[in-house]
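Heads up, the thing below is written out as structure tokens.
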Amino acid sequence: MVEVIKTFLDDAAYDFSGKPLFMTIGTFDGVHIGHKKLISSIIEQARNNDGVAVIYTFLPYPTMVITTAKPKPMIYNVEKKYEVLGSYALDNIIEQKFDNQFSKISPYNFITFLKRKFPTLRGISIGEDFKFGRNQFGDAKILQGYGKHFGIEVEIMPLLVLKGKRVSSSHIRELLKTGNVDLASLMLDQKL
């Protein structure tokens, strides 16, 4: 099982013995085939650079903190999420406490926080629909621009399409809601 490191909105840094750090960021409430490409990319980058490959994820799920209406249903519970993520050759899963204070970080302050928290951070792989920061004002291109400023290479992967449908956790939720378990299972690459 991959070690889960719990982290908070503080200045305690993790340097991973000075090794270069490669991460992908997200909720990962359903680890789909698009996520798998991101994970494979950071693992490959870490292995090619004698580095460390990590998932940076959030708990509780952000929608449970920032949504005043009924939060979106999760595809996987936390245990299943970590079980699936743990099946990859990752070095660690970093679980960021997501609370009201964390939800108010601006996109720029988020990247400066990451650089302080993980000083050896060298690469981030994200999907082109990635959003971050207060009110999700940041997107993949903004993160890529900030990354250049901080010496972090940000890889943006195009969205995947399967059977004419975009692969995303939101879309998988909709497929499950409408009873299209077969296509949802294909997107998750496992039986539901």
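Some observations on this one:
- Put simply, of GLU155, GLU174 the only residue that is at pLDDT 90 or above, among the charged types (D, E, K, R) and either touching a strand residue (DSSP E or B) at 6+ places or on another chain (Cβ under 7 Å) or assigned to a strand (DSSP E or B) (or both) is GLU155.
- Candidate set from the range 177-192 (those that are of a type outside the set (A, V, I, L, M) and in a loop (DSSP other than H, G, I, E, B)); member that is nearest to GLY34 (Cα to Cα): ASP189
- Considering (1) closer than 23 Å to ALA184 by Cβ; (2) touching an Asp or Glu at 6+ places or on another chain (Cβ under 9 Å); (3) polar (S, T, N, Q); (4) surrounded by fewer than 18 Cβ atoms within 10 Å (Cβ to Cβ), the lone condition that THR57 does not fulfil carries the number (4).
- The range 114-159: number of residues that are surrounded by fewer than 18 Cβ atoms within 10 Å (Cβ to Cβ) and on the phi > 0 side of the Ramachandran plot: 3
- Condition check for LYS72: among the charged types (D, E, K, R) and in contact with a Lys or Arg (Cβ under 9 Å, 6 or more places away or on another chain): yes
- Of all residues making up the range 42-86, the number that are under 16 Å from the mean Cα position of the chain (by Cα), hydroxyl-bearing (Ser, Thr, Tyr) and in a loop (DSSP other than H, G, I, E, B): 2
The values are calculated or read from the model by the stated rules, or taken from the named source; none is laboratory data. All values reported here derive from a predicted model rather than from experimental measurement. Cβ coordinates were reconstructed from backbone atoms using ideal geometry, including for glycine residues, and neighbour counts include every protein chain displayed.
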